[in-house]
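Following: one structure in C-alpha cells, then a few remarks.
The values are calculated or read from the model by the stated rules, or taken from the named source; none is laboratory data. Every value quoted in this text rests on a predicted model; they were computed, and no experiment measured them. As a convention, Cβ positions derive from the backbone with ideal geometry for all residues, glycine included, and neighbour counts pool all protein chains shown. Heavy atoms of the whole protein, side chains included, go into the accessibility calculation; ligands, DNA and RNA do not. Shrake-Rupley method; radii C 1.70, N 1.55, O 1.52, S 1.80 Å.
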Amino acid sequence: MNGTIAPARPDTYDMVVVHNSFRRHFRALPELVTGVAAGDVERARRLVAFLDELGTGLHEHHTGEDELLWPLLLERASTNAAVVLRMEEQHERIAELTERARRESAEFASAADPSVRDRLAVTLRALATAVDEHMTEEERHVLPVVENVLTVPEWQALGERGREHMPKDRQLVFVGFLLQGVSDADRRKFLAEMPLPARLAWRLLGRRAFAEEYREIYGTDPE
C-alpha cells in the first residue's frame, strides 16, 4: 500500500460565490437605472455610486487574476494557453464597457436626463452579458484546471489580494452583497472561513448595515 498522501488542492467554490454576486447585481442594474424618473438626481446618484463600487470591485477581481492566476496557468498548464488568452481578452472587453458605463453614469448623475439614462442602460446590459459570459467560461474551463495545478496557498493568495484592496470600512457590507441570494449551506461555509472577529462583526454590525444599503438600492429587503 502506498502511504503517499496526495497534496491538498484548492476548493474554488468561493470564486463561484463571488462570480454569482457580480452576475446578480450587474444584471439588476439596467432595470434599476431605467426606473429612475427624469430629474431624480438623488436616485441617479445613489445607483451610480453602487455602479462605481461594483465596477471597482470587478476591476480588482480581474487584476488579481491577471497578476496571480494567469501566469501560473500559462506556466503549468500550457495546453490551456488559448483559454487563458481568451480570459485576458474578455477582461479587456469588460474593462472597455466598464469605462463607458463610468462616463455615461457620470453624465447621468448630473441631471438624471432620460436620454442619458437609456443610453447607460444599453451599456449596462452589454456589460452584464459580457460579465456573465466570461464568468461562465471561467468556471467551466479554468477552475477545473486551477484545482489540478495550483496549491492551496497560491489560491488563497488570490483571495487575500482581493481583501487587501477592499476598503476596510466597506468589507462587512460587501460580505452581505456577496452572500445575498446564496444557499444556506454556501453561506455557512463562506462565513466559517472568515476569522472569528470578522464573523462576530458581521453578525453584530454587518448584517444591519448591508440590509439598509440593499433597501436603498433595490427598494426591498434582502432575501
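For Val149 and Ala106, compute 0.36 nm times the residue count separating them, minus their Cα-Cα distance, and round to one decimal in nm.
The Val149-Ala106 span can extend by a further 11.2 nm.
How far apart, in nm, are the 7 Å Cα→Cβ label points at Ser115 and Lys189?
Spacing of the two 7 Å Cα→Cβ label points: 5.0 nm.
For the chain, return all DSSP H helices satisfying: extent of Cα atoms along own axis at least 24 Å; mean Kyte-Doolittle hydropathy at least -0.5.
Helix filter hits for the chain: 13-34, 41-64, 114-137.
Taking the Cα centroid of segment 18-53 and of segment 58-84, what is the distance between the two, rounded to the nearest whole Å?
After rounding, the separation between the Cα centres reads 29 Å.
Please calculate how many Å² of accessible area segment 160-219 carries per residue, with a 1.4 Å probe and no DNA, RNA or ligand atoms counted.
63 Å²
Given the rule -39500 (n - 2.57) for each run of at least 4 DSSP H residues, summed and divided by the residues of the chain, what is its mean residue ellipticity at 222 nm, to the nearest 500 deg cm²/dmol?
-24000 deg cm²/dmol
Lys168: accessible area at probe 1.4 Å, nearest 10 Å²?
Per-residue accessible area (Lys168): approximately 150 Å².
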